[in-house]
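Step one of this worksheet: look at the structure below.
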Amino acid sequence: MQFNIVDKLLAIVSLGSAWVLWLLLALSVISLGVIVERLIYYARIRLDFVSFSREVTRRLIDNDIDGIKGVCSTSQSIESQTILKGLEYKDRGVEAMDQSMTGFLFGEKQKLDHGLVILGTLGSNAPFIGLFGTVIGIIQAFSDLSTNPAGGPSVVMAGISEALIATAVGLIVAIPAVIAFNGFQRVVRRKLSNAEAMKGLVIAHFSK
């Protein structure tokens with residue numbers, strides 16, 4: 001029996017665009033789940049960095065290391081935890097402190113980026129998935145016309161209007177994912193930049 005790829009593809013098309021809509025619905029649930037999880041996580045590590053940096057700077061000038069530990073231990077933010085990681089190695093020298101904080105930030109960056117690849121992928125590809133569903137719907141509409149010529153243009157128009165829903169749904173999934181991805185990327189960059197600033201401040205103090 002000869003394999004005919006066209007017939008196989010037409011068999012897929014005959015399934016219609018409904019399964020594409022279900023796929024997009026599932027992807028929208030995944031996207032929403034990632035967005036909510038990231039919002040909760042970033043809210044948990046939020047910090048008033050301006051006030052925090054002023055307090056840490058003041059206590060460093062006073063050489064109040066215990067006071068700095070007390071301030072940092074009350075926050076789960078990356079900035080405060082970076083300082084604590086450095087202070088754990090202050091008796092071993094500046095180089096050990098630097099390596100400790102650098103290693104900690106490397107691990108925290110992976111936590112900050114967790115799930116963002118999903119949002120980026122959905123934001124980039126959901127419209128194409130929707131477009132794929134639209135193309136399938138259009139092909140099916142013309143196929144229906146060929147089997148029912150008496151129906152006229154109304155058969156095609158009804159099929160095309162239904163198929164375009166897939167493109168609209170694809171955009172509905174993609175737009176929030178792109179907005180969230182860009183916003184979360186900004187949060188990640190700011191948190192890492194703040195932590196690096198705190199790291200440099202601590203290293204500068206103990207290097208004198």
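Every read-out reported here was derived from the displayed coordinates using simple, explicitly stated rules and does not represent laboratory data. Since the model is a prediction, treat every value here as computed from it, not as a measurement. We place every Cβ from the backbone using ideal geometry, glycine too, and count neighbours over all the protein chains shown.
Give, as a single signed number, the net charge of other residues whose beta carbon lies under 13 Å from the beta carbon of residue 86, with Lys and Arg counted +1 and Asp and Glu -1.
Working: positive: 69, 85, 90, 92, 199; negative: 79, 88, 91, 95, 98, 196.
In short, -1.
So, counting K/R as plus one and D/E as minus one, what does the shell of residues with Cβ under 13 Å around residue 64 add up to? All intermediate terms of the calculation are to be shown ahead of the outcome.
Working: positive: 58, 59, 69; negative: 55, 62, 66.
Net local charge, residue 64 excluded: 0.
Taking the alpha-carbon distance from residue 90 and a cut-off under 18 Å, which aspartates and glutamates remain once sequence neighbours fewer than 8 residues away in the same chain are dropped?
62, 64, 66, 79, 98, 196
Determine the alpha carbon to alpha carbon distance for each of 69/111; 69/199; 69/109 and list only those over 18 Å. Numbers along the way, then the final one.
On the way: 69/111 23 Å; 69/199 14 Å; 69/109 22 Å.
Going by Cα-Cα distance, 69/111; 69/109 fall outside the 18 Å limit.
Mind ranking 69-81, 119-131 by how tightly packed they are, going by the mean number of other C-beta atoms within 10 angstrom, highest first? Don't skip to the end; give the middle numbers.
On the way: 69-81: 17.1, 119-131: 19.4.
Most protected by this proxy first, the peptides run 119-131, 69-81.
If you add up the charges near residue 114, with Lys and Arg at +1 and Asp and Glu at -1, over every other residue whose beta carbon is less than 9 angstrom from its beta carbon, what do you get? Don't jump to the answer; show the numbers that get you there.
Numbers: positive: 38, 111; negative: 37, 113.
Here the count lands on 0.
Would you mind getting me the FRET efficiency between residue 55 and residue 92? Use the beta-carbon distance for r and R0 = 25 Å, nearest 0.05. List each step's numbers first, then the result.
Values: r = 25 Å, r/R0 = 1.02.
The pair residue 55/residue 92 has a calculated efficiency of 0.45.
How many nm separate the modelled label positions at residue 207 and residue 25, each set 7 Å beyond the Cα in the direction of the Cβ?
Once both label points are built, they end up 5.9 nm from each other.
Which distance in nm do the two modelled labels at residue 46 and residue 18 give, with both placed 7 Å along the Cα-to-Cβ direction?
4.4 nm
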